[in-house]
Amino acid sequence: MSSRTSAVVLSLILVSLPAAAAPQKPAEAPQTISSITTGLKRQPGLFPMYLDSKTGKIWLEVPAAKKPDGEVGSYLYVEALLTGLGSNPVGLDRGQLGDTRVVTFRRVGNRLLIEQPNLRFRALSENPEETKAVRESFATSVLWAGEITAQEPDGRALVDFTGFVVRDAHDIVSRLRQTQQGNWQLDASRSVADLENCLVFPENVELEALLTYSSADPGQLVAETAPTANSMTIVQHHSFLKLPPPGYQPRVFDPRAGSFSVDFADYAAPLSSMIATRWLVRHRLEKVDPTAERSKVKEPIVYYVDPGAPEPVRSALIEGASWWKEAFDKAGFIDAFQVKLLPPGAHPLDARYNTIQWVHRSTRGWSYGGGVTDPRTGEMIKGHVTLGSLRVRQDRLIFEGLAGTEKTGTGAPDDPVQLSLWRIRQLAAHEVGHSLGLNHNFAASTYGRASVMDYPAPLVDIKEDGTLDFSRAYGNGVGEWDVFAIRFAYTQFPPGTDEKAALDAMAREAISRGLLFLTDQDARPPGAAHPLAVLWDNGGDPAEGLRHALAVRRIALSHFGEHNLPAGQPMALLQEVLVPVYFHHRYQLDGALKSVGGLDYTYAIRGDGQPPSKPVAADRQRKALEAVLQAISPETLDIPESVVSLMLPRPSGYNDNPEMFPTQAAPAFDPLAAASTAADLAVQGLLQPERAQRLVDFHRRDAKLPGLEEVLDSLIGTTFDAPNGEDARRAELRRVTQWVVVRRMIGLSSDPGASPGVRSRVDGELRALRHRLEDAIGKVARDTDDPNALQQAFLAQEIDRYLDRPEVNPATRPAPPPAPPGQPIGMPADIPEGLSGCSWEG
């Protein structure tokens, strides 16, 4: 080897040798919990915490991991709003609960994760590998992660938990965006943990934060309720609960029995069974003696009424909610259901209390019943009811409109205040029923007052002398459907009983007694088909119910006057009183409309003997159609002149509001616009795409049933065939209705959701109507001033324009004005999902 080669090799060796280690500082000892929490009081409980008032921080003490994956422990978690915005359309209410989640605290490296397992997909199996396969097939959700700041030799660690508490857990930013209230963001500089209200208990932890949101473009609804439009501060609440003890036995959901359910897919189900699994929602309730038909219970269900509800409302809430005691008693539980006043110092969001909260908003709005439900089993842990305070006042207004104000506050049976208190009793029972796990039953009002889970319209009778009778306005107590639903959900069978067979027998017995159950999907959609699934109706004959409601309305309108307004109030406020009177028939109208092209059906289960579905009988359909057409006659739509003259323009300081009639004659009251709106409720309901399609199909299958052509001909004949000698007052109302009919026929013809068979038939009727109006065009050409000819020529040209250019979006054409909010609780911004908002009633 040459010297040059040796030098190169030596250089390579020197380069490849590691460099001498640089001198290092001694490793710093890891921080300990005590070094950070010196001077802070340790609060023991479900999980220990330290609250630092100087820094505003919440320190969470985390035990050592119990499993190789770093799991520390699992809890139930629910976030809520302690305070709200007070706007019903936005829907951020005091006491509003979010979804209940199971969360797992898991340590990974130097981080603590709060992870939500995916309970929508499970394997109910004893085989750990089978459950693992499902668990690893679907994603989980990490809700939050925090850095471990200190650790003890025994594995305990300390985490700054403030970031979890002071965050937009309720997703208020998205809610405000969805309701078109502007772009908002959480302002961290004005948001803090409320340490005085962060409480640790042995089985639950309650944490609160004051959150401030800001926006440069706040929406009108926020501006109407927040003191400063671009700044909104709300208190958010977090609850962690110890998982319920073992012993609760889930009960299989049955669609005939009227309960809510928790739903998931069980991938361990036998191949002969369905993967979809449903367990009904209910409180845990156990007899002291499981073998006894009747027994006291180990722990009663107790609901606590918000002391913020004033008297006499508070007593009415306690009385109404207590109606459920009877149902539990008939299910074999002695003194199992109780209602008390929330004790001083108790937090309404504390999971240890089932609460009935009294909530204020700037407008009347919905009430809710739901609660904290274990998503693993369906066990209701905490029932929580939200009652809107303006509801009772709206009910009082309804009765003052129907009967007058002379007896308001007298305490008499027909005192509007007393009548509205009877309604608030029913409301309390209704919403508590939801938190007990029960769904709406919108058919119950058709076989008596069978359930508080229906929406009850006031039952107003007509005396022989033609005056109104309110003695039966509302019921008193739960009904036979409620008793059955509680028995089905809660009955504790003696050991050894075949529960599945016993429950099936119970459901069959209810069916044999005619206890029909129909719920929201049967009642709420515009195209719903069952004539007995109606909100705010009475009786089992929808057509007769509509005729009766129209008669009550006619009597109330004929007597309407100054006496319907409290003394000392501006006369202009009579318009808000007139609205529920003029539209008194609107919900009975829904039932009659559903009879036309209607379908009778039940939630049958194979083998239970219930009949198959069938169209509503032809005579019932035609009877209902006749009643609907009566609702759009000029006689029905007309408002007496004595009433119109009292509808004054608004005085200074009294702005327009959604509770008023629409007007196209401002500042004057517009009875023609009111008539247009009332007519449209019926016409748009008849010309609904799904209803029209059913009429086509049912007539195809049975020629005795009315078809779409018959309904259209009847509608056109009613509105265009004027009787001889009709006076000018009613003739103008007829012309208003004619325009509504043409407008809605064009709308149905152009609806892309309507079938070709429907659209072609409507087009044919439009062409026939256009031909019928041909003479009017000639009269107008000869310079007539006949209003009927002018109207008919106008409508003919409207039809021509549509048929010649059907691609024009009919939504751009003028439409009848919408009706003011009809239900006594107003309309929600949307329909919330999940058990925390399982009732959209009120």
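On the principal axes of its alpha carbon atoms, the stretch 123-184 extends 50, 37, 14 Å, with the longest extent given first. The distance linking the stretch 593-660 with the stretch 208-231 is 39 Å (Cα centroid to Cα centroid, whole angstrom). Restricting the calculation to alpha carbons of the stretch 396-435 gives Rg and Dmax of 11.8, 38 angstrom. Within the straight-line cut-off of under 17 Å between alpha carbons, the lysines reachable from Lys66 are Lys242, sequence neighbours fewer than 8 places apart in one chain being disregarded. Compared with the rule-of-thumb size 2.2 N^0.38 Å for a compact globular protein, the chain has a Cα radius of gyration ratio of 1.15.
Across the accessible surface of the chain, with the other protein chains kept in place and a 1.4 Å probe, carbon and sulfur atoms take up 53 percent. Centre-to-centre separation between the Cα atoms of the stretch 45-66 and those of the stretch 300-360: 34 Å. For the chain, the longest principal axis of the Cα atoms and the long axis of helix 499-512 meet at an angle of about 10 degrees. With the biggest extent put first, the Cα atoms of the stretch 384-518 measure 62, 37, 22 Å across the principal axes.
Counting only residues at least eight positions apart within a chain, or on another chain, the lysines with an alpha carbon under 26 Å from that of Lys594 are Lys614, Lys623, Lys704. Quick one: of Lys57/Lys382; Lys287/Lys325; Lys298/Lys330, which pairs are farther than 21 Å apart, Cα to Cα? Beyond 21 Å between Cα atoms: Lys57/Lys382. Sorted on the mean count of surrounding Cβ atoms within 10 Å across their residues, most packed first, peptides 580-592, 493-505 read 580-592, 493-505.
Bridging of Lys296 to aspartates and glutamates at a Cα separation below 13 Å is possible for Glu286, Asp329, Asp335, once same-chain residues fewer than 8 apart are set aside. Excluding ligands, DNA and RNA, the accessible surface per residue across the chain is 44 Å² with a 1.4 Å probe.
The long axis of helix 3-16 is offset from the longest Cα principal axis of the chain by roughly 60 degrees.
Arg352 exposes around 130 Å² of accessible area when a 1.4 Å probe is run over every protein chain in place. Between the stretch 81-115 and the stretch 748-765, the alpha-carbon centres lie 47 Å apart. With a ≥ b ≥ c the root eigenvalues of the C-alpha gyration tensor of the stretch 511-619, is it rounded (a/c under 1.5), prolate (a/b larger than b/c) or oblate? It is prolate, given that a/c is not under 1.5 and a/b is the larger ratio.
Expressed as an acute angle from 0 to 90° and rounded to the nearest 10, what is the orientation of the C-alpha long axis of helix 728-749 relative to the principal long axis of the chain? Here the helix axis deviates by roughly 50 degrees.
May I ask for the Rg/Rh ratio of the stretch 312-396, computed from Cα atoms with Rh as the Kirkwood radius, given to two decimals? Mind showing how you got there, number by number?
Values: Rg = 14.5 Å, Rh = 14.6 Å.
Using Cα coordinates only, the ratio equals 1.00.
The values are calculated or read from the model by the stated rules, or taken from the named source; none is laboratory data. Worth saying up front: this structure is predicted, and the values here are computed from it rather than measured. Please note: Cβ atoms are built from the backbone with ideal geometry, for glycine as well, and neighbour counts cover all protein chains shown. Each accessible area value is taken on the protein alone, full model and side chains, heavy atoms only, with ligands, DNA and RNA left out. Shrake-Rupley method; radii C 1.70, N 1.55, O 1.52, S 1.80 Å.
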